[in-house]
Amino acid sequence: MPADRRAERQRALGDLLAAEGLDGLLVQSLPNIRYLTGFTGSAGLLLVRGTELVLITDFRYAVQAGREAGTTVRVEIDQASVWDRLKKVVGERATGTLGFEAHVATVRERERLEALVPGRWKAAGELVERLRAVKDAGEVDAIRRAVAVAQDALAAVLPTVRAGQRELDVGAALEQALRVRGSEWHPFQTIVASGPRAALPHARTSERVIVTGDWLLLDFGAQVDGYCADLTRTVVVGAADEKQKLVHEVVRQAQRRALDGLRTGMTGKEGDALAREVIAQRGYGEAFGHSLGHGLGLEVHEAPRLSPTAEAPLVAGVVVTVEPGIYLPGWGGVRLEDDVHLTPAGPELLSDNRVELVELR
C-alpha cells in the first residue's frame, strides 16, 4: 500500500475523531489496522492520537511490522504484553478522551482498558469502517483481480463435476483451483450444497453424494492483496426439469433488475426491493429470506447493506454483492451472486454475470 494513501486515510480518521469529540482511538480490528497502516499481522493494537499513530505488536512481527507500516507509524514491540506496552504509550503524554472499538472489544478487554488507564475511555462507533466503505481505485482493482481468480477457478472445476462425487470433493477441487490461481486465502468457508441441501442458504459442505438431476449451489470467494471476492453460482448436474428452469429464471431476472437499477442516493432498502419485488410477484416472496447484499472489501461482510431494513443512502465508491435467492425446503434452492462497484454513473459489474442455467452433462 503506498504511504501517501495511508497518510490520507489517517488524516480522514483524524477528522472523524475530532467530529466525535475524541482525542484518540484504540484500533483493535485487524482489517482496520491493515487499512490504516498496511500491517498484515495477526496480533496488534493501534493507538491513534492526532497525527501520531503507534502500532504495538509482539516479537513475531518485529521485522514485518516495520517493513509493512513503514514511516507512517511508530512501531513498538513488546516481548511480554501488548497491553502493558499500551499503558506505557498512553501515559507518555496527557490525553483527553480516548475511543475504543466497542464492536470489537470484549467485555474483558474493556475492563482491561479501564484498569490500565481509568476514566478516559469512551465507546466509539465503527469509525474506520465508515472510511473503508468507500473504495479507492486501488481497492477496486484488488477486488476485481480477486473476482478474476474466483471466476477462473470455477471455470476450471465445473467441467470436472460429475454425479457420484461428494460435495467435499467438489469443494476441495474448487479451493485448490483458487489457491493455484493466486488466492491468498478463502475469505469464508466454501459452500457446496447439492440437491435438497441447496435450500440451506449457508449450508456446510458435506459428504453427500451428488446424483443426476441435483441442484449444485457453489458460494465461494478469493482474496488478493487482502481484498475479497464473493460469488455464487447454481447449476444442475444433468438435465434441468421445468421447475428448476422456472425458479432459476425468476432469480436471474430478479438479480438482473437489481444489477441494472442500483444507483447512488437510493437507500439500501430501495436497492433490496429491486430484486425482492420480482421474486414476490412470481409467488416466491416467502422463499427469499435474507438480504440482497452486503459491502465487500478487506472483509467479506462490510458496510453498506442492501436489506429491507437498511435506511442509509448508498454512496459512490462502495462495492456490494447482489445475491437474490429462492429456497424451497426439501426441494432445493437457487442463489446467484455477483460483485458490483457503485459509481456516480451507475453500477459497474466486477464479475462476468454469466448466470444462465448451466446443465453439467
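The values are calculated or read from the model by the stated rules, or taken from the named source; none is laboratory data. Being a predicted model, the structure only gives us computed values, none of them experimental. Neighbour counts are summed over all protein chains in view; Cβ atoms, including those assigned to glycine, are modelled from backbone coordinates with ideal geometry.
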With respect to R67, determine if the residue is within 23 Å of L16 (Cα to Cα), basic (K, R) and either surrounded by 19 or more Cβ atoms within 10 Å (Cβ to Cβ) or outside the structural domain of E302 (by TED's automatic domain parsing) (or both). no
Selected residue (only one of R9, R49 is over 16 Å from V89 (Cβ atoms), of a type outside the set (D, E) and in the same structural domain as Q64 (by TED's automatic domain parsing)): R9
For A303, state whether it is in contact (Cβ under 8 Å) with a residue 24 or more places away in the chain, closer than 29 Å to L36 by Cβ and part of a loop (DSSP other than H, G, I, E, B). no
Checking A280, A310, A275 in turn, the sole residue that is of a type in the set (A, V, I, L, M, F, W, C) and either crowded, with 23+ Cβ neighbours inside 10 Å or assigned to a strand (DSSP E or B) (or both) turns out to be A275
Restricting attention to the range 265-285, does a residue exist that is among the aromatic types (F, W, Y) and in contact with a Gly (Cβ under 9 Å, 6 or more places away or on another chain)? no
Residue within the range 80-88 that is within 26 Å of H301 (Cβ to Cβ) and modelled with pLDDT of 90 or more present: no
Being within 22 Å of the chain's Cα centre (by Cα) and at pLDDT 95 or above narrows it down to one residue among R256, R252, R208; which is it? R256
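Let's see how each residue does on (1) free of Cβ contacts under 8 Å to residues at least 12 places away in the same chain; (2) closer than 21 Å to H301 by Cβ:
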{"site": "A115", "(1), (2)": "yes, no"}
{"site": "R120", "(1), (2)": "no, no"}
{"site": "E126", "(1), (2)": "no, yes"}
{"site": "R130", "(1), (2)": "no, yes"}
{"site": "A133", "(1), (2)": "no, yes"}
{"site": "E139", "(1), (2)": "no, yes"}
{"site": "R144", "(1), (2)": "no, yes"}
{"site": "D152", "(1), (2)": "no, no"}
How about the range 235-271: which of its residues are crowded, with 24+ Cβ neighbours inside 10 Å, over 26 Å from A137 (Cβ atoms) and either small (G, A, S) or out of contact with any Asp or Glu (no Cβ under 9 Å at 6 or more places or on another chain) (or both)? V247, V251, A254
